[in-house]
Each structure stands twice: as structure tokens, then as C-alpha cells.
1. Output yes when any residue across segment 190-208 is closer than 13 Å to V253 by Cα, crowded, with 24+ Cβ neighbours inside 10 Å and in contact with a helix residue (DSSP H, G or I) (Cβ under 9 Å, 6 or more places away or on another chain), and no when none is.
2. With the structure loaded, tell me whether A206 is within 21 Å of F15 (Cβ to Cβ) and small (G, A, S) or whether it fails that test.
3. From the list A166, A132, A74, A103, pick out the single residue that is in contact with a Pro (Cβ under 6 Å, 6 or more places away or on another chain), within 21 Å of I271 (Cβ to Cβ) and either open to solvent by 50 Å² or more (accessible area, probe 1.4 Å) or not β-branched (V, I, T) (or both).
4. Taking segment 247-264 as the region of interest, how many residues are open to solvent by 10 Å² or more (accessible area, probe 1.4 Å) and either more than 17 Å from A206 (Cβ to Cβ) or in contact with a helix residue (DSSP H, G or I) (Cβ under 6 Å, 6 or more places away or on another chain) (or both)?
5. Residue under question is V92, and the condition is that it be surrounded by fewer than 19 Cβ atoms within 10 Å (Cβ to Cβ), more than 16 Å from the chain's Cα centre (by Cα) and farther than 20 Å from G12 by Cα; does it hold?
6. Being in a helix (DSSP H, G or I), surrounded by 19 or more Cβ atoms within 10 Å (Cβ to Cβ), among the aliphatic types (A, V, I, L, M) and within 17 Å of the chain's Cα centre (by Cα), is that true of even one residue in segment 115-122?
7. Being in contact with a helix residue (DSSP H, G or I) (Cβ under 7 Å, 6 or more places away or on another chain) and surrounded by fewer than 23 Cβ atoms within 10 Å (Cβ to Cβ) is the filter; apply it to segment 37-48 and report the residue that is nearest to F110 (Cα to Cα).
8. Among the residues of segment 145-153, is there at least one that is in a helix (DSSP H, G or I) and either under 20 Å from G96 (Cα atoms) or open to solvent by 40 Å² or more (accessible area, probe 1.4 Å) (or both)?
Amino acid sequence: MKLIKTTFVGIGQIFLQENGLSGLLITIAMFFSHWTLGVSCFLGALIGTLTAKSVGFPQEQINQGLYGFNGSLAFMCVLFTFGLEDPAIPLVWGLGVVAAITATLIMHAFIKAGKVAYTFPFVVTCWIFCWAVAKFHLFGLSQTTPRLMDYTDTIHSIGEAFYAWAEINFGSSLMTGILLFIAIAVSSPMAAMWGMAVAPISALLAYQCFNVDLNTLANGIYSFSAILVACAFAGPKFSNFCYVIGGVILAVVVHYAVAQTGLAAYTIGFIVASWIILLIKNIVEKSGIENKRFNQIMNP
């Protein structure tokens, strides 16, 4: 029972939430997009947790779910890339297992070095096991990822924010997005509301700055990294507002730049933006600027 709870906590950590109930809701949400995403969401986190236990990683870190979320994302990515049309291919599931283990080991390297990894272990793992495998048709596998749905009509466009929530976990269902939003609200209402707020802002930035086509925006492709940035830096202070907005701008720019190279962007926009904002945040806090300057702004 404890293993199951820890697995769900790991899934919650995809959105930086150390909450087992959030993880359970996230898992349920993925079944509304495709059953393979629901299964791989849980299996990836379970494999990551078991890997950490078998290798002897610190139990406290395991209980916090730090070794579950990258494995979950990596497994989902493999199934999203190769298994949606024909999920009965054993090789795809085997590749998902290897990807989940690899992402977990990379995560441990970051933790051991005292560095914040966010979802980078998942990204670098899937650049190898998904993007490269699909591009060079390794193991006889070809990408079967479906084309983006046409969501440019008014009703679907209104739901852009929820499609963005779903895209974080490779989902495409409005119900998936709604449940993911609720899953985060259960743990942190503030993070959920910040995430909802930045979704249309990031889409607007992508359109105004890079003229990204409307259907790509309606599917939430340029908003999911922004939501993760909001989850990472949401807070009650004016400084949190600055960190989130700055991070959202960076996330959109990085995502667009990486996408232009032909490389799968995944959550790299969120990762790079958050690393930069975290560095700035640490500098500001160490210098004492935050308390002095932001108090002046809020109390002139």
C-alpha cells in the first residue's frame, strides 16, 4: 500500500505537487485521452520508484516522489510516440520501461549533485528513446503520434487552457485537462489558478511574437510549459508575479527556438526558463533586494 501511495506522490510531482491524491487524479485523467497514457503514467512512476528502492536511493527522497515523475513522463512519451495506434507491440512497452529507468537514474545524478532537475531527465531521455528512434526508424519503429485536432472553432478555443493542461502529459482531451486542473487545485489552489491564468497569456505571446498558427495555440502547445512555470513559482508576493511572468516569456521563447531546430521541444521551455528564474530568484534573495524593493512597491 505504501508503494502505491509513493507512486501516486511521484505522479503528483509532475506538477511539483507532493500529493498522492493529486497523483491519483492525474492518473485517472490520462485515461480520458487514451488508456495507454493512463497505464503508462502509473507504470512509469512505479518503475521509477522501484528502481530507486532497488538501487538504494535515500528513502526520504523516494517518499517525496522525486524518483517517480520523470519515469512517468518518459513512459507516457514512449507510448504517445509509438503506441497509440497499435499498443500491442511488446517492444514499445519494453522501450518505455528502459526509458523510465534511464530517466530515474539521470534524476538521481542531479539530486546527488545538489542541482534542480525539474523534468530535464525526462526530456533528455526522450530525445534519445523517442525523438531519435522515430527520426532514424530504429528498432523498426515509426512515430504514430496523431495530428493535432482542429480546435480553431469558438467552443474549442475557449477551452485552450484545459487543452494546455492536458498537453503536459501528452493528453488531448478536454476532460483530461479539467481533471488535471482539479488535481493541482486539490494540492495548491494558488498554483492551479496561476497555471490557468498564464495559459492564454503564453498563447498570445507566441502568436504576437512568432505568429504561431492558431490551431497549434488552440491545442495548448505553447502553453503547457508556461503552466509548469506557474506551478513552480506561484505565490502571494509581487515577486512571485514577476518570476512567473518572466518565466512564461522565457518558456515561450525557448520552446519556439528549440522547435525551429526540428528537435522535439517537450518541456524544455519550462526547464530552461525555470533554471534562469531560479538563478535570478536566488540572487535577489541573497542580496536582500526582494524584501526592500518589493515592499516599497507594495507600500509606497
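1. The answer is yes, given that some residue of segment 190-208 is closer than 13 Å to V253 by Cα, crowded, with 24+ Cβ neighbours inside 10 Å and in contact with a helix residue (DSSP H, G or I) (Cβ under 9 Å, 6 or more places away or on another chain).
2. Taking the combined requirement at face value, the residue does not satisfy it.
3. Only one candidate qualifies: A103.
4. Selection size over segment 247-264: 8.
5. No.
6. no
7. Top of the filtered list is L46.
8. no
The values are calculated or read from the model by the stated rules, or taken from the named source; none is laboratory data. Computed from a predicted structure; not experimentally measured. With ideal geometry, Cβ positions are generated from the backbone for all residues, glycine too; neighbour counts draw on all protein chains shown. Calculation scope for accessible area: heavy atoms of the full protein, side chains included, ligands and nucleic acids excluded. Shrake-Rupley method; radii C 1.70, N 1.55, O 1.52, S 1.80 Å.
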